[in-house]
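Working notes, beginning with the structure itself.
The values are calculated or read from the model by the stated rules, or taken from the named source; none is laboratory data. On a predicted model such as this, the values are computed, not experimentally measured, just so you know. Glycine also receives a Cβ, built like all others from the backbone with ideal geometry; neighbour counts cover every protein chain displayed.
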Amino acid sequence: MKLTRKAVLVTAMAGSMLGGGALGVAVFGANSGSAQTTGSSSSSSASTTAPAADNGAPSGTFKPNEDATHEKGESAQREAQENAGQRPTVP
């Protein structure tokens, strides 16, 4: 193979690698992620917010919310599920 053809081939390969890398960064870069964040803030340090609904499989063990204000509005079915150590499926 002639030296000129090799140089053209090497230049084309290097250019395609750089172009592919730049395209990969543009498409899959750090800013393209969509992590869920909470946008609300409260001046009261005692208030808590419920975690966002998770569409995937639950990880870890379920821990029921036994706060008195939470228990007031809870249905009997939900309380029974929590007492059984199940992740509640009813409101």
Members of region 59-91 found to be of a type in the set (Ser, Thr, Tyr) and surrounded by 11 or more Cβ atoms within 10 Å (Cβ to Cβ), listed by number
75
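Residues checked against (1) modelled with pLDDT of 60 or more; (2) in contact with a Pro (Cβ under 9 Å, 6 or more places away or on another chain); (3) part of a loop (DSSP other than H, G, I, E, B):
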| residue | (1), (2), (3) |
| --- | --- |
| 11 | yes, no, no |
| 24 | yes, no, no |
| 35 | yes, no, yes |
| 42 | no, no, yes |
| 45 | no, no, yes |
| 56 | no, no, yes |
| 63 | yes, no, yes |
| 71 | yes, no, no |
One residue is enough: does region 82-90 have a residue meeting the conditions modelled with pLDDT of 65 or more and in a helix (DSSP H, G or I)?
yes
